[in-house]
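Novice: Provided herewith is a single structure, encoded as structure tokens, for subsequent inquiry.
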Amino acid sequence: MLFKTLREDITGYLERDPAARSPLEVLLCYPGFHAVGTYRLCHRLWQSRLYLVSRIISHIGRILTGIEIHPGAKIGKKFVIDHGSGVVIGETAEIGNDVTIYHGVTLGGVAPSVDSGSQVGQKRHPTLSDGVIIGSGAQILGPVIIGEHARVGANSVVTKDVPRSLTAVGVPAKIVMPKDKEKSRQFKAYATTDESWPDPTLQTIEQLRSEITKLKSR
């Protein structure tokens with residue numbers, strides 16, 4: 001079962017990374033694949049309650065790859081970490097199938113208040129649904145849900161849910177509406193798009209200016 005899942009992970013790289021020429025190249029040369037493979041072993045140990053052994057092996061994997069994935073996270077099939085350096089995935093993060101993330105991405109936790117008691121078992125990290133793409137440097141913080149086939153632009157900071165097939169950009173991230181939701185389901189590296197996305201903050205300012213101009217005319 002583990003080897004079947006790893007083969008599916010290799011397939012994900014071949015489908016989404018044009019630089020991947022063969023399964024052997026992915027197996028030998030891709031730190032993202034190495035990090036995910038180490039995670040899958042550590043996750044099995046974590047489920048067997050071998051917490052310390054799991055964390056030790058996970059820490060060695062982090063030193064070798066520069067990618068930190070907590071063994072307690074839940075990750076689906078064909079997960080791709082492209083380039084990967086600086087990626088951090090927290091303990092209660094959940095990642096669906098066919099998800100792609102790039103270097104510098106953080107799936108971070110927002111700790112509950114001191115008054116709420118023990119943090120063990122509490123959902124503190126994001127959930128990425130199937131087909132999500134997260135651009136490089138993006139920070140997704142807290143138990144937010146990124147919907148199916150949604151995108152998060154590079155260097156965005158997300159602290160609220162992102163609906164399916166939409167794109168979040170900016171700091172803090174704002175939702176921008178695609179012209180064609182079906183087209184938005186297609187894979188685009190780094191969560192880029194062929195469409196011209198207006199800055200949602202500037203859009204709001206322009207709308208306010210237009211309303212003020214109309215009021216002055218009246």
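Novice: Lys/Arg Cβ at +1, Asp/Glu Cβ at -1, dipole of the range 16-156 taken about the Cα centre: which of 99, 76, 126 is farthest positive-ward?
Specialist: Final value for the positive-end residue is 76.
Novice: Something else about it: Carbon and sulfur atoms: what percent of the 1.4 Å accessible area of the range 1-148 do they account for?
Specialist: Values: 4240 of 7140 Å².
Carbon and sulfur atoms account for 59 percent of the accessible area of the range 1-148.
Novice: Taking 7 Å along the Cα-to-C-beta vector as the label spot, tell me the residue 52-residue 175 distance in nanometres, rounded to one decimal.
Specialist: Calculated label separation equals 4.7 nm.
Novice: Calculate, in nm to one decimal, what residue 218 and residue 205 gain on full extension: separation in residues at 0.36 nm each, minus their alpha carbon distance. Walk me through the intermediate numbers first.
Specialist: Values: separation 13, 0.36 × 13 = 4.68 nm, distance 2.02 nm.
Between residue 218 and residue 205, full extension yields an extra 2.7 nm.
Novice: Enter the accessible area per residue of the range 35-164 (Å², integer; probe 1.4 Å; all protein chains in place).
Specialist: Ligands and nucleic acids excluded, the figure is 45 Å² per residue.
The values are calculated or read from the model by the stated rules, or taken from the named source; none is laboratory data. Remember, predicted model here, so these are calculated numbers, not experimental data. When we count neighbours, we look across all protein chains shown, and the Cβ atoms used for this are built from the backbone with ideal geometry, even at glycine. Heavy atoms of the whole protein, side chains included, go into the accessibility calculation; ligands, DNA and RNA do not. Shrake-Rupley method; radii C 1.70, N 1.55, O 1.52, S 1.80 Å.
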